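One structure is given here, and the rest of the page talks about it.
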Ligand SMILES: [Zn+2]
């Protein structure tokens, strides 16, 4: 006898075709909607972090080039885990960018803030 198969959505025992995964269309739709919404939430959360990071860098760097501290960035809620790209210079320094705004960690908690000119 086959192992009991359960609906992926509600966990009810399934009968009938061996490839059946859901009780009915309602369970199928429910399951798929949940999948979609959790992956959508992940994308939305990361987009929000990136937009916030960009806004903080823009706020601290209105002139396009300046210095700040890691403390100030953290106090504004900057998340160092997320950036859109990184750029390594020939002398081995790595800039991280959130869209067009970038930063380079310096010594003693100082950060150089830059703005990339798109062309
Ligand atoms: Zn079900």
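The values are calculated or read from the model by the stated rules, or taken from the named source; none is laboratory data. Owing to the predicted nature of the structure, the values given are computational and were not obtained by experimental measurement. Here Cβ is always computed from backbone atoms with ideal geometry, including for glycine, and neighbour counts include all displayed protein chains.
Quick notes
- Positions within region 97-117 being closer than 17 Å to residue 71 by Cα and in contact with a strand residue (DSSP E or B) (Cβ under 8 Å, 6 or more places away or on another chain), in sequence order: 102, 103, 104, 105, 106, 109, 110, 111, 112, 113
- Total residues in region 15-29, condition more than 8 Å from the ligand (Cβ to nearest atom) and either at positive phi or surrounded by 15 or more Cβ atoms within 10 Å (Cβ to Cβ) (or both): 2
- Residue list for region 1-11, restricted to those being surrounded by 13 or more Cβ atoms within 10 Å (Cβ to Cβ) and near the ligand (Cβ under 8 Å from one of its atoms): 7, 8, 9, 10
- Taking first residues from region 31-45 that are modelled with pLDDT of 85 or more and partners that are surrounded by 11 or more Cβ atoms within 10 Å (Cβ to Cβ), the Cβ contacts under 7 Å between residues at least 6 apart in sequence or on separate chains come to 31/8; 31/9; 31/22.
- Among residues of region 57-80, those that are over 16 Å from residue 95 (Cβ atoms) and either loosely packed, with under 11 Cβ neighbours inside 10 Å or out of contact with any strand residue (DSSP E or B) (no Cβ under 8 Å at 6 or more places or on another chain) (or both), counted: 10
- On the stretch given as region 83-119, residues that are in a loop (DSSP other than H, G, I, E, B) and surrounded by 16 or more Cβ atoms within 10 Å (Cβ to Cβ) total 2.
- Criterion violated by residue 19 - all others in (1) in a helix (DSSP H, G or I); (2) under 30 Å from residue 4 (Cα atoms) satisfied: (1)
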